[in-house]
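These notes are about the structure you will find just below.
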Amino acid sequence: MSKNIFIKNLSNKNPTKDITLDDIKYKIPLITKKQNINIKINNKISFNKNNVPIIAGPNGVESRKLIFNVANFLKKKGIKILRGHAYKPLTFPYRSKKYLETKNQGMDWLDEVKKYTGLAIVTEVTEIKYLDRICQTADILQIGSRNMQNLELLKECAITKKPIILKRHFGASLRDMLGAGEHILVEGNKNLILCERGVSSPHTHRETSRFILDIQAIPALQEITSLPVISDPSHASFWAPWVPPLIYASIAANCNGLIIEMHPKPNESAVDPLQPLNYKKFSEVLNNSKKIAKLFKKKII
Ligand code: PEP
Ligand code: MN
(Lines give C-alpha, C1' and ligand atoms only; values in the text may rest on other atoms or scores of the structure.)
(Ligands and ions follow the chains in the order given, each with its own letter.)
Protein backbone atom coordinates (compact mmCIF):
# COMPACT_ATOMS: atom_id res chain seq x y z
CA MET A 1 0.00 0.00 0.00
CA SER A 2 1.31 3.44 -0.89
CA LYS A 3 2.51 5.53 2.02
CA ASN A 4 1.00 8.61 0.40
CA ILE A 5 -2.52 7.71 1.35
CA PHE A 6 -1.78 8.38 5.02
CA ILE A 7 -2.08 12.05 5.90
CA LYS A 8 -0.67 13.19 9.18
CA ASN A 9 -3.08 15.01 11.48
CA LEU A 10 -6.06 14.25 9.32
CA SER A 11 -9.01 15.84 11.10
CA ASN A 12 -12.30 14.09 11.39
CA LYS A 13 -13.90 16.68 13.61
CA ASN A 14 -16.25 18.19 11.03
CA PRO A 15 -17.37 15.41 8.76
CA THR A 16 -19.56 16.93 6.09
CA LYS A 17 -23.21 16.14 6.10
CA ASP A 18 -25.60 16.37 3.21
CA ILE A 19 -27.69 18.98 5.01
CA THR A 20 -25.61 21.82 6.42
CA LEU A 21 -26.32 24.19 9.29
CA ASP A 22 -26.50 26.90 6.68
CA ASP A 23 -29.29 25.00 4.89
CA ILE A 24 -31.20 24.67 8.14
CA LYS A 25 -30.91 28.38 8.83
CA TYR A 26 -31.65 29.78 5.41
CA LYS A 27 -33.12 27.18 3.06
CA ILE A 28 -35.23 24.79 5.10
CA PRO A 29 -35.92 26.62 8.38
CA LEU A 30 -39.60 25.67 8.57
CA ILE A 31 -39.31 21.97 7.82
CA THR A 32 -36.41 21.52 10.21
CA LYS A 33 -38.05 23.37 13.09
CA LYS A 34 -38.34 21.17 16.16
CA GLN A 35 -41.91 21.04 17.37
CA ASN A 36 -44.59 18.64 18.41
CA ILE A 37 -46.42 17.82 15.24
CA ASN A 38 -49.82 16.21 15.32
CA ILE A 39 -51.57 16.07 11.98
CA LYS A 40 -55.21 15.53 12.62
CA ILE A 41 -57.22 14.17 9.71
CA ASN A 42 -60.48 13.73 11.62
CA ASN A 43 -61.60 12.70 15.11
CA LYS A 44 -60.33 9.15 14.64
CA ILE A 45 -57.12 9.69 12.70
CA SER A 46 -53.96 11.55 13.67
CA PHE A 47 -50.42 11.23 12.38
CA ASN A 48 -48.21 11.62 15.43
CA LYS A 49 -45.51 9.88 17.47
CA ASN A 50 -47.84 7.27 18.91
CA ASN A 51 -49.82 6.07 15.92
CA VAL A 52 -49.05 4.12 12.78
CA PRO A 53 -51.99 4.88 10.49
CA ILE A 54 -52.34 2.46 7.61
CA ILE A 55 -53.34 3.82 4.23
CA ALA A 56 -54.46 0.89 2.11
CA GLY A 57 -56.16 0.24 -1.18
CA PRO A 58 -55.64 -0.53 -4.82
CA ASN A 59 -53.45 1.34 -7.19
CA GLY A 60 -56.23 2.92 -9.20
CA VAL A 61 -59.94 3.48 -8.72
CA GLU A 62 -60.58 1.06 -11.54
CA SER A 63 -64.28 0.55 -10.98
CA ARG A 64 -67.05 1.27 -8.50
CA LYS A 65 -67.26 -2.43 -7.69
CA LEU A 66 -63.56 -2.68 -6.86
CA ILE A 67 -63.43 0.36 -4.63
CA PHE A 68 -66.54 -0.68 -2.69
CA ASN A 69 -65.22 -4.21 -2.29
CA VAL A 70 -61.87 -2.98 -0.93
CA ALA A 71 -63.43 -0.31 1.29
CA ASN A 72 -65.84 -2.76 2.90
CA PHE A 73 -62.99 -5.16 3.58
CA LEU A 74 -60.78 -2.45 5.11
CA LYS A 75 -63.58 -1.15 7.27
CA LYS A 76 -64.13 -4.62 8.69
CA LYS A 77 -60.43 -4.80 9.49
CA GLY A 78 -60.54 -1.50 11.37
CA ILE A 79 -58.48 0.39 8.77
CA LYS A 80 -59.45 4.05 8.54
CA ILE A 81 -57.79 5.39 5.40
CA LEU A 82 -58.52 4.24 1.85
CA ARG A 83 -56.18 5.02 -1.02
CA GLY A 84 -56.87 4.85 -4.74
CA HIS A 85 -55.99 7.07 -7.64
CA ALA A 86 -58.47 8.39 -10.17
CA TYR A 87 -55.71 10.39 -11.85
CA LYS A 88 -52.57 8.42 -12.34
CA PRO A 89 -49.16 8.99 -13.89
CA LEU A 90 -47.60 5.92 -15.50
CA THR A 91 -43.93 5.40 -16.26
CA PHE A 92 -44.66 4.55 -19.90
CA PRO A 93 -47.28 6.23 -22.10
CA TYR A 94 -49.10 3.07 -23.18
CA ARG A 95 -52.10 1.85 -21.24
CA SER A 96 -53.97 -1.39 -21.48
CA LYS A 97 -57.60 -1.04 -22.51
CA LYS A 98 -58.39 -2.30 -19.04
CA TYR A 99 -56.76 0.70 -17.53
CA LEU A 100 -57.84 4.18 -18.33
CA GLU A 101 -57.77 6.83 -15.64
CA THR A 102 -61.28 7.06 -14.29
CA LYS A 103 -60.76 10.74 -13.40
CA ASN A 104 -63.96 12.55 -12.34
CA GLN A 105 -65.95 9.33 -12.48
CA GLY A 106 -63.43 7.71 -10.16
CA MET A 107 -63.67 10.70 -7.80
CA ASP A 108 -67.46 10.28 -7.72
CA TRP A 109 -66.99 6.62 -6.70
CA LEU A 110 -64.55 7.65 -3.99
CA ASP A 111 -67.07 10.18 -2.79
CA GLU A 112 -69.80 7.57 -2.62
CA VAL A 113 -67.62 5.06 -0.82
CA LYS A 114 -66.47 7.70 1.66
CA LYS A 115 -70.06 8.58 2.52
CA TYR A 116 -70.99 4.93 2.82
CA THR A 117 -68.05 3.71 4.94
CA GLY A 118 -66.73 6.85 6.64
CA LEU A 119 -63.20 5.99 5.52
CA ALA A 120 -60.84 8.89 4.90
CA ILE A 121 -59.58 9.20 1.32
CA VAL A 122 -56.04 9.61 -0.02
CA THR A 123 -55.72 10.22 -3.72
CA GLU A 124 -53.08 11.56 -6.06
CA VAL A 125 -53.07 15.02 -7.60
CA THR A 126 -51.31 14.98 -10.95
CA GLU A 127 -52.34 18.40 -12.23
CA ILE A 128 -53.57 21.70 -10.84
CA LYS A 129 -56.64 21.54 -13.08
CA TYR A 130 -57.97 18.52 -11.16
CA LEU A 131 -57.43 20.02 -7.74
CA ASP A 132 -60.89 21.52 -7.19
CA ARG A 133 -62.63 18.22 -7.87
CA ILE A 134 -60.15 16.23 -5.79
CA CYS A 135 -60.49 18.59 -2.82
CA GLN A 136 -64.25 18.05 -2.69
CA THR A 137 -63.62 14.42 -1.68
CA ALA A 138 -60.04 13.82 -0.59
CA ASP A 139 -59.00 14.10 3.05
CA ILE A 140 -55.32 13.91 2.14
CA LEU A 141 -53.71 14.92 -1.15
CA GLN A 142 -50.89 12.74 -2.41
CA ILE A 143 -48.07 14.24 -4.44
CA GLY A 144 -46.54 11.31 -6.32
CA SER A 145 -42.83 10.78 -6.47
CA ARG A 146 -42.67 11.90 -10.08
CA ASN A 147 -44.07 15.28 -9.07
CA MET A 148 -41.97 15.85 -5.97
CA GLN A 149 -40.42 18.97 -7.46
CA ASN A 150 -43.39 20.16 -9.48
CA LEU A 151 -43.28 23.36 -7.48
CA GLU A 152 -46.39 25.04 -8.89
CA LEU A 153 -48.37 21.91 -8.08
CA LEU A 154 -46.95 21.84 -4.54
CA LYS A 155 -47.88 25.47 -4.04
CA GLU A 156 -51.45 25.09 -5.26
CA CYS A 157 -51.96 21.97 -3.16
CA ALA A 158 -50.54 23.75 -0.11
CA ILE A 159 -52.92 26.68 -0.53
CA THR A 160 -55.91 24.35 -0.19
CA LYS A 161 -54.77 23.69 3.43
CA LYS A 162 -55.54 19.99 2.97
CA PRO A 163 -53.05 17.57 4.56
CA ILE A 164 -50.47 16.50 1.98
CA ILE A 165 -48.40 13.36 1.54
CA LEU A 166 -45.21 14.29 -0.28
CA LYS A 167 -43.50 11.26 -1.77
CA ARG A 168 -39.77 11.34 -2.21
CA HIS A 169 -38.67 11.06 -5.81
CA PHE A 170 -36.69 7.85 -6.34
CA GLY A 171 -33.62 9.82 -7.38
CA ALA A 172 -33.87 12.67 -4.89
CA SER A 173 -31.68 13.35 -1.90
CA LEU A 174 -33.27 14.02 1.46
CA ARG A 175 -32.13 17.61 1.07
CA ASP A 176 -34.09 17.98 -2.16
CA MET A 177 -37.09 16.34 -0.56
CA LEU A 178 -36.99 18.71 2.40
CA GLY A 179 -36.62 21.63 0.00
CA ALA A 180 -39.80 20.50 -1.77
CA GLY A 181 -41.54 20.18 1.60
CA GLU A 182 -40.43 23.69 2.52
CA HIS A 183 -42.34 24.94 -0.56
CA ILE A 184 -45.50 23.57 1.08
CA LEU A 185 -44.83 24.89 4.58
CA VAL A 186 -43.94 28.34 3.31
CA GLU A 187 -47.51 28.66 1.99
CA GLY A 188 -48.76 28.29 5.56
CA ASN A 189 -49.80 24.64 5.31
CA LYS A 190 -48.30 22.71 8.23
CA ASN A 191 -50.12 19.48 7.49
CA LEU A 192 -47.30 17.79 5.69
CA ILE A 193 -46.52 14.07 5.79
CA LEU A 194 -43.27 12.87 4.21
CA CYS A 195 -43.21 9.51 2.46
CA GLU A 196 -40.25 7.26 1.70
CA ARG A 197 -41.17 5.01 -1.24
CA GLY A 198 -37.87 3.58 -2.47
CA VAL A 199 -34.94 4.84 -4.48
CA SER A 200 -33.10 3.69 -7.58
CA SER A 201 -29.68 2.14 -7.12
CA PRO A 202 -27.47 -0.06 -9.29
CA HIS A 203 -29.04 -3.33 -8.28
CA THR A 204 -32.56 -2.10 -9.02
CA HIS A 205 -31.66 -2.08 -12.69
CA ARG A 206 -31.48 -5.83 -12.61
CA GLU A 207 -34.25 -8.26 -11.88
CA THR A 208 -34.04 -8.20 -8.12
CA SER A 209 -36.25 -5.23 -7.31
CA ARG A 210 -37.56 -2.10 -8.89
CA PHE A 211 -36.47 0.27 -6.12
CA ILE A 212 -34.81 -0.10 -2.73
CA LEU A 213 -36.79 0.99 0.30
CA ASP A 214 -34.46 3.43 2.02
CA ILE A 215 -35.28 2.42 5.58
CA GLN A 216 -32.46 4.61 6.80
CA ALA A 217 -34.29 7.64 5.42
CA ILE A 218 -36.90 7.23 8.17
CA PRO A 219 -34.63 7.95 11.16
CA ALA A 220 -32.54 10.33 9.04
CA LEU A 221 -35.56 12.49 8.24
CA GLN A 222 -36.84 12.26 11.81
CA GLU A 223 -33.49 13.54 13.02
CA ILE A 224 -34.01 16.85 11.26
CA THR A 225 -37.75 17.31 10.96
CA SER A 226 -40.60 16.75 13.38
CA LEU A 227 -43.04 15.95 10.59
CA PRO A 228 -44.45 12.42 10.30
CA VAL A 229 -42.44 10.13 8.05
CA ILE A 230 -44.41 7.30 6.49
CA SER A 231 -43.19 4.34 4.47
CA ASP A 232 -44.51 2.80 1.25
CA PRO A 233 -42.98 -0.67 0.86
CA SER A 234 -45.34 -1.59 -1.98
CA HIS A 235 -44.02 0.89 -4.49
CA ALA A 236 -40.45 0.29 -3.39
CA SER A 237 -40.23 -3.44 -3.90
CA PHE A 238 -42.91 -3.84 -6.56
CA TRP A 239 -43.09 -7.45 -5.51
CA ALA A 240 -45.80 -8.61 -3.08
CA PRO A 241 -43.77 -11.34 -1.28
CA TRP A 242 -41.25 -8.73 -0.16
CA VAL A 243 -43.80 -6.20 1.05
CA PRO A 244 -44.54 -7.82 4.47
CA PRO A 245 -40.93 -7.88 5.71
CA LEU A 246 -40.47 -4.29 4.56
CA ILE A 247 -43.63 -3.28 6.42
CA TYR A 248 -42.30 -4.90 9.60
CA ALA A 249 -38.90 -3.26 9.15
CA SER A 250 -40.53 0.14 8.63
CA ILE A 251 -42.52 -0.16 11.85
CA ALA A 252 -39.38 -1.19 13.70
CA ALA A 253 -37.61 1.81 12.17
CA ASN A 254 -40.25 4.06 13.78
CA CYS A 255 -42.28 5.04 10.72
CA ASN A 256 -45.29 7.23 11.44
CA GLY A 257 -47.59 5.49 8.98
CA LEU A 258 -47.68 3.08 6.06
CA ILE A 259 -49.00 2.94 2.52
CA ILE A 260 -49.92 -0.60 1.51
CA GLU A 261 -51.25 -1.45 -1.91
CA MET A 262 -53.81 -4.25 -1.90
CA HIS A 263 -56.37 -5.78 -4.24
CA PRO A 264 -58.91 -8.62 -3.95
CA LYS A 265 -57.34 -10.29 -7.00
CA PRO A 266 -53.85 -8.85 -7.44
CA ASN A 267 -53.25 -10.52 -10.79
CA GLU A 268 -56.29 -8.69 -12.14
CA SER A 269 -54.99 -5.29 -11.05
CA ALA A 270 -54.80 -3.08 -14.13
CA VAL A 271 -51.46 -1.62 -13.03
CA ASP A 272 -48.53 -3.30 -11.28
CA PRO A 273 -50.25 -6.67 -10.64
CA LEU A 274 -47.16 -8.12 -8.93
CA GLN A 275 -47.32 -5.59 -6.16
CA PRO A 276 -50.60 -5.61 -4.22
CA LEU A 277 -51.28 -7.87 -1.25
CA ASN A 278 -54.40 -10.01 -1.42
CA TYR A 279 -56.94 -9.94 1.42
CA LYS A 280 -55.56 -13.00 3.18
CA LYS A 281 -52.02 -11.71 3.17
CA PHE A 282 -53.14 -8.23 4.19
CA SER A 283 -54.99 -9.67 7.21
CA GLU A 284 -51.94 -11.67 8.29
CA VAL A 285 -49.65 -8.66 7.88
CA LEU A 286 -52.03 -6.48 9.86
CA ASN A 287 -52.00 -8.90 12.80
CA ASN A 288 -48.22 -9.12 12.80
CA SER A 289 -47.87 -5.37 12.42
CA LYS A 290 -50.00 -4.78 15.50
CA LYS A 291 -47.69 -6.98 17.53
CA ILE A 292 -44.56 -5.26 16.27
CA ALA A 293 -46.01 -1.80 16.84
CA LYS A 294 -46.91 -2.76 20.40
CA LEU A 295 -43.29 -3.68 21.09
CA PHE A 296 -42.42 -0.07 20.26
CA LYS A 297 -45.39 1.29 22.26
CA LYS A 298 -47.16 2.41 19.14
CA LYS A 299 -50.59 1.74 17.81
CA ILE A 300 -51.62 0.64 14.34
CA ILE A 301 -54.78 2.53 13.38
C1 PEP B 1 -48.84 5.32 -5.99
O2 PEP B 1 -48.89 5.64 -4.80
O3 PEP B 1 -49.74 4.67 -6.54
C4 PEP B 1 -47.66 5.70 -6.79
C5 PEP B 1 -47.68 5.68 -8.09
O6 PEP B 1 -46.58 6.00 -6.06
P7 PEP B 1 -45.19 6.66 -6.49
O8 PEP B 1 -45.50 8.09 -6.87
O9 PEP B 1 -44.36 6.55 -5.27
O10 PEP B 1 -44.63 5.87 -7.65
MN1 MN C 1 -49.35 2.22 -7.34
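The values are calculated or read from the model by the stated rules, or taken from the named source; none is laboratory data. All figures in this text were calculated on a predicted structure; none of them were measured in a lab. We place every Cβ from the backbone using ideal geometry, glycine too, and count neighbours over all the protein chains shown.
Remarks
- Options Glu284, Glu261: the member that is within 15 Å of ligand 2 (Cβ to nearest atom), of a type in the set (Asp, Glu) and within 19 Å of Pro53 (Cα to Cα): Glu261
- Residue list for segment 142-157, filter: within 16 Å of ligand 2 (Cβ to nearest atom) and not charged (D, E, K, R): Gln142, Ile143, Gly144, Ser145, Asn147, Met148
- Within segment 125-144, the presence of a residue that is surrounded by fewer than 18 Cβ atoms within 10 Å (Cβ to Cβ) and either at pLDDT below 95 or within 13 Å of ligand 1 (Cβ to nearest atom) (or both) is excluded.
- Unique match (being over 24 Å from Lys162 (Cα atoms), more than 16 Å from ligand 2 (Cβ to nearest atom) and in contact (Cβ under 8 Å) with a residue 12 or more places away in the chain) among Ile193, Ile251, Ile301, Ile247: Ile251
- Only listed residue being without any contact (Cβ under 8 Å) to a residue 24 or more places away in the chain and farther than 30 Å from Gly78 by Cβ, chosen from Asp176, Asp132: Asp132
- The one condition in (1) of a type in the set (S, T, N, Q); (2) crowded, with 18+ Cβ neighbours inside 10 Å; (3) in contact (Cβ under 8 Å) with a residue 40 or more places away in the chain that Ser226 fails to fulfil: (2)
- For the residues Pro273, Pro244, Pro266, Pro219, the requirement of being surrounded by fewer than 23 Cβ atoms within 10 Å (Cβ to Cβ), within 16 Å of ligand 1 (Cβ to nearest atom), more than 15 Å from the chain's Cα centre (by Cα) and at pLDDT 95 or above singles out Pro266.
- Segment 119-162: number of residues that are of a type in the set (A, V, I, L, M, F, W, C) and in a helix (DSSP H, G or I): 10
- Cβ-Cβ contacts under 7 Å between residues 6 or more apart (or on different chains), taken from a first residue in segment 39-68 that is touching a residue at least 24 places away in the same chain (Cβ under 8 Å) and closer than 17 Å to Lys297 by Cβ to a second residue that is in a loop (DSSP other than H, G, I, E, B) and within 14 Å of ligand 1 (Cβ to nearest atom), are listed as Phe47/Gly257; Val52/Gly257; Pro53/Gly257.
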